[in-house]
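Please read the structure below before turning to the comments.
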Amino acid sequence: MGRRTTFENEYHPIEEKLVEIVARSDCRGLRFGDIVDFAKKEGISKPSVARYLKILTHKHILKKDGTYKLAMEAINWKHAQRSLFSVLAMHLFDDLFEKAGQGIIIDKDFVELFTKRVGVLALYTILEGFNKTSENNPEEGGKWIEEAFGTLIQKDGWRMCVSRQIYGEIVTLMGAIKLDTPLRPEIELADGTLYVRPPSAIKPGLAGKVLKELPPIPKERLKLLRTCLKNLYPMETQVLDEALDLISNAADQSKGR
Amino acid sequence: MKITADQKKGDPQKAAAQLNGSIAKVATLPKTQLKTREAKEDQKGLT
């Protein structure tokens, strides 16, 4: 699938390492100086950073807009595969997303299915991390465990599912929100290579913007969902309640600053 | 998703189409613009 260049066939090509460094940044991207600092730890010199950033920008894999950001990721690159997996895995929640939007799934079923599928996805992803490790690639295995589960796209999808269940319908926001494009991950073909274009719309801060525009949250619905969770998982919720209580007590007893 | 023999032999066009068609709906946001009727309707998809 796709063409691999000489660079991509190397284990740690400079281009791939630089893309990984930039991929770690949030929507604000990374400044040249920051990239140089990170790259130095990887043994890449400042002149090499400058040279390869230019190449990557020319190839439209990175874009330069004051800072360097990801424009496209070649699917041969491991982090693109991890992030694409996190998107395709969300099909696990298709039925919940639809049914919750129509208000036709009872809370008990929603809570049971939601928690079951998040758990399945977490364990599946972690096991894949161990699988990569068993294939003599512990670095990649570690990245599956640290980065392939609970991605921003997944958390945004879960937020939408839960929001629909709380309100019992698809909720119209009180005000419009301006979103960057693309609105979904896109797959593009260029010169025989498949590229994944990450969705700029889903970025840190989106959830806060959406929550700000929600109609008042019905407290009684939150309480009902919490009760369902408690009934299904009494021991587990007790542990979590105690954790919250501990933090709350500690905060109360601590001097406000 | 099953990778077909065609893709293994090298049919990136087909692979791209299959991947694009496989993006989960819950990983897709609606198109919105500020202060338009269309935007108001599209806000639904964000929740």
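Where a number appears in this text, it was derived from the coordinates with a stated rule and is not lab data. Nothing here was measured: the structure is a model prediction, and the numbers come from that model. Cβ placement follows ideal geometry from the backbone for every residue including glycine, while neighbour counts extend to all protein chains displayed.
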Over segment A:42-156, equivalent-ellipsoid semi-axes from the Cα gyration tensor in Å: 36, 20, 10
Shielding score for A:80-86, defined as the mean number of other chain Cβ atoms within 10 Å: 1
In degrees, nearest ten, helix A:46-58 long axis to first principal axis of chain A (Cα): 70
Residue-wise HN-Hα coupling along segment A:135-151, computed from phi with Karplus coefficients 6.51, -1.76, 1.60 (Hz; x: Gly, Pro): 8, 6, 9, x, 5, 5, x, x, 5, 4, 5, 7, 10, 8, 10, x, 6
Average beta carbon contacts from partner chains per residue of A:87-95, 10 Å cutoff: 4
Rounded to 10°, Cα long-axis angle of helix A:78-88 versus longest principal axis of chain A: 30
Among A:Glu15, A:Glu139, A:Glu186, residue whose mean-square fluctuation peaks in a GNM of chain A (springs only between Cα atoms under 10 Å): A:Glu139
For chain A, calculated [θ]222 nm from helices alone, where every DSSP H run of n ≥ 4 adds -39500 (n - 2.57): -18500 deg cm²/dmol
Amide H contacts under 5 Å for A:Thr193, placed H, 5+ residues apart: A:Arg3
Whole-number percent relative contact order across segment A:78-237, with pairs defined as alpha carbons under 8 Å at least 6 apart: 26
Ranked by how many other beta carbons lie within 10 Å on average, peptides A:231-239, A:119-127 from highest: A:119-127, A:231-239
Listed peptides A:170-180, A:89-99, A:216-226 by packing density, highest first (mean Cβ within 10 Å): A:89-99, A:170-180, A:216-226
Inter-chain shielding of A:140-146 (mean C-beta neighbours from other protein chains, 10 Å cut-off): 0
Sequence ranges A:155-167, B:14-26, ranked by mean other-Cβ count within 10 angstrom, highest first: A:155-167, B:14-26
Residue order, fewest to most beta carbons within 10 Å, for A:Glu112, A:Glu242, A:Glu73: A:Glu242, A:Glu112, A:Glu73
Segment A:98-175: Rg to Rh, with Rh as the Kirkwood radius over Cα pairs: 1.15
Viscosity 0.692 mPa s, temperature 37 °C, Stokes-Einstein D of chain A from Kirkwood C-alpha radius, µm²/s: 156
